[in-house]
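To start, the structure itself, in structure tokens.
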Amino acid sequence: MKQRHTHASFLLAIGINPKVAAECLGMTPAMFKERYSHLLPIMQEEAVDRIENELNIAEKQLEPVE
């Protein structure tokens with residue numbers, strides 16, 4: 001069971017869609033969400049941080065050069 005949890009955690013950590021991760025583990029998306037949803041809030045926070053970082057980079061690239 002521990003290996004399965006590690007595998008699920010790894011798939012989510014590298015950005016695999018939860019639906020695809022569920023299919024890889026032979027689970028329905030609902031089963032997967034019920035069992036591994038505790039991992040998603042942390043990953044959502046990381047996603048927000050990454051999006052903000054990318055937007056900041058893009059904004060700097062769009063600034064006019066004097």
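Report the calculated FRET efficiency for Glu54 and Leu25 (r = Cβ-Cβ distance, R0 = 35 Å), to the nearest 0.05.
The formula returns an efficiency of 0.75 here.
Helices that extend 27 Å or more along their long axis by alpha-carbon positions and average at least 0.0 on the Kyte-Doolittle scale are absent among the DSSP H runs of the chain. Rounded to the nearest 20 debye, the dipole magnitude of the chain is 700 debye, with +1 charges on Lys and Arg beta carbons, -1 on Asp and Glu beta carbons, and the Cα centre as origin. For the chain, the percent of C-alpha pairs falling in each 10 Å distance bin, counted from 0 to the bin holding the largest distance, reads 19, 40, 19, 13, 7, 2.
Spin-label model, Ser9/Leu39: points 7 Å from Cα along the beta carbon direction are separated by 0.8 nm.
Straight-line reach from Lys33: taking Cα to Cα under 21 Å and skipping same-chain neighbours fewer than 8 places apart, the lysines in range are Lys2, Lys19.
Rule-based calculations on the coordinates, nothing more; no lab input. Bear in mind the structure is a predicted one, so any value in this text is a computation, not a measurement. Note that each Cβ is placed from the backbone with ideal geometry, even for glycine, and that neighbours are counted across all protein chains shown.
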